[in-house]
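The structure under discussion appears below in the form of structure tokens.
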Amino acid sequence: YKVEMAMGVEAWYFLHGSTDGVCNLTFFLSLLSKMTVTEVQNSKRGLKYSVQPGQVDSSMLVLAKEWNIGRKAVFRLLEDFSERGLINVDSNPMTSILDMVCVKSWMTAGKLVENPTYRWRHCAVVRQGKKQQNRWMEPII
């Protein structure tokens, strides 16, 4: 399917950097490939939950094994993605649900589907001397 995304310049620069010798874009594309486009019912340890369109269901351990990096590196990488307005992470002891907040929409079977988790603005950290503040900015498309 085709995907439309919006992200700031800082996010683009970060995606072209690397973590443990692997381009950050590779990790991000891995998450993007796991994004659900329809509601999915999952079950772990006997507990049922749903994953909504625009979300990824994965644990830090699963990502660490798949990406061949440590869990702390996965945690930092997801935190970096989140700080740059690419994802939003909701973790619990069973799994992590990642909202792909930079994905605006996708086309599947010739139909445009809006991402319910998309956030049309992202927060940029602006430093002025020793002060740090968050400012909402329009994404670069």
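Nonpolar atom fraction for the stretch 39-79, defined as the carbon and sulfur part of the 1.4 Å probe accessible area, stands at 52 percent.
Counting heavy atoms of the protein chains alone, residue 107 has an accessible area of about 80 Å² for a 1.4 Å probe. Amide hydrogen proximity for residue 115: with H placed 1.01 Å from N in the peptide plane, the residues at 5 or more positions away or on another chain lying under 5 Å are 105, 106. Take 6-16, 95-105 and order them by the average number of nearby Cβ atoms within 10 Å per residue, most first; the result is 95-105, 6-16.
On the beta carbon distance between residue 89 and residue 42, with R0 = 22 Å, the FRET formula returns roughly 0.85.
The values are calculated or read from the model by the stated rules, or taken from the named source; none is laboratory data. Everything quoted here is computed from the prediction, not taken from an experiment. As a convention, Cβ positions derive from the backbone with ideal geometry for all residues, glycine included, and neighbour counts pool all protein chains shown. All accessible areas refer to the heavy atoms of the entire protein, side chains included, with ligands and DNA or RNA removed. Shrake-Rupley method; radii C 1.70, N 1.55, O 1.52, S 1.80 Å.
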